[in-house]
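Reviewing the structure listed below.
The values are calculated or read from the model by the stated rules, or taken from the named source; none is laboratory data. On a predicted model such as this, the values are computed, not experimentally measured, just so you know. A quick note on method: Cβ atoms are made from the backbone with ideal geometry, for glycine too, and the neighbour counts reach across all protein chains shown.
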Amino acid sequence: MPTPSPGIGGHVVGEAQTPSAADARFLSLRVAAEVYYDLQQTRIGIVNRVERGGIDAVFLTPTLERLQLAEHEAALVMRRTYRAAVDPRIVEWQRETTGVGEHLLARLLGTIGHPVETTVYAWQGEGAERVLVEVGQMRRSVSQLWSYCGHGDAKRQRARGMSSEDAAAMGNPRAKMLVRLIAESCMKQRTSPYRAVYDEARMDYESRDWTPLHRHNAALRKVGKAMLKDLWLAGGGS
């Protein structure tokens, strides 16, 4: 029998993931989000190489213009796919919540799938024949969603040589990055319901012997967890 992966929802960081029938409506969103991400990273990579090499950007201007257009079109497709694939309750929550933009939430859901309903995977076999297989469906708890988005146990740290199980417990790095971007967006909006979460957390952390940056990051983490909980509730969590 396969051993269930400790990764939240069975998703193992760094491994290929094959959506099941239950995830089918999120497959198109996942593909759209990944296409957008790939185009974005390609554009950024070219710009970085040009800048580091001291090359006159005029030689690559046509290429960058085409990439920018493709990236823009991919973003439009991703947002349209998000509106078609995602539970209307989540779309309504996003539209009513200042600071939670459609673009970033589409990218996040393209990475994590449904915030509540998810697929469980398990490792089967050993060594070179070890493969990841689907073993069923599950409903994520909010703590499991936090963990998968890298907002579980703050004491966990990545280390060289860590096992795949330990890496899975750290969560999905891209999901963690996207939650951080959403939290930053919310923090910058005075009318966002999560701005108060940030301000309260900063006050609570003032008494701690932390640097201002440490307090800022810890407060953003609180915002991310609050946002994820509301996303989970909007997706039918209880």
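Taking segment 110-132 as the range and being touching a Gly at 6+ places or on another chain (Cβ under 9 Å) and touching a residue at least 60 places away in the same chain (Cβ under 8 Å) as the test, the residues that pass are Ile112, Gly113, His114, Pro115, Val116, Glu117, Thr118, Thr119, Val120, Tyr121, Ala122, Leu132.
Check segment 117-133 and report whether any residue there is modelled with pLDDT of 90 or more and out of contact with any Leu (no Cβ under 6 Å at 6 or more places or on another chain). Looking through segment 117-133, none of the residues is modelled with pLDDT of 90 or more and out of contact with any Leu (no Cβ under 6 Å at 6 or more places or on another chain).
The requirement of being out of contact with any helix residue (DSSP H, G or I) (no Cβ under 6 Å at 6 or more places or on another chain), more than 20 Å from Gln189 (Cβ to Cβ) and at pLDDT 95 or above is fulfilled somewhere in segment 75-82, by at least one residue.
Of the helices (runs of 4 or more DSSP H) that lie entirely inside segment 156-212, those containing 3 or more residues that are touching a Leu at 6+ places or on another chain (Cβ under 6 Å), on the phi < 0 side of the Ramachandran plot and modelled with pLDDT of 80 or more span 173-188.
In segment 11-28, what residues are modelled with pLDDT under 85 and small (Gly, Ala, Ser)? Once the filter is applied, which keeps residues that are modelled with pLDDT under 85 and small (Gly, Ala, Ser), segment 11-28 yields Gly14, Ala16, Ser20, Ala21, Ala22, Ala24. For the structure I just gave you, tell me whether Leu27 is out of contact with any strand residue (DSSP E or B) (no Cβ under 7 Å at 6 or more places or on another chain) and surrounded by 13 or more Cβ atoms within 10 Å (Cβ to Cβ). Here the answer is yes, as Leu27 does meet what is asked. Considering segment 29-54, and only residues there that are of a type in the set (Val, Ile, Thr) and in contact with a Leu (Cβ under 8 Å, 6 or more places away or on another chain), the residue that is modelled with the highest pLDDT turns out to be Thr42.
A search for C-beta distances below 6 Å between a residue of segment 182-204 that is over 11 Å from Arg221 (Cα atoms) and of a type in the set (Val, Ile, Thr) and any residue that is surrounded by fewer than 19 Cβ atoms within 10 Å (Cβ to Cβ) and at pLDDT 95 or above, counting only pairs 6+ apart in sequence or on different chains, returns Thr191/Thr98. In segment 226-238, the count of residues that are surrounded by fewer than 16 Cβ atoms within 10 Å (Cβ to Cβ) and at negative phi is one or more.
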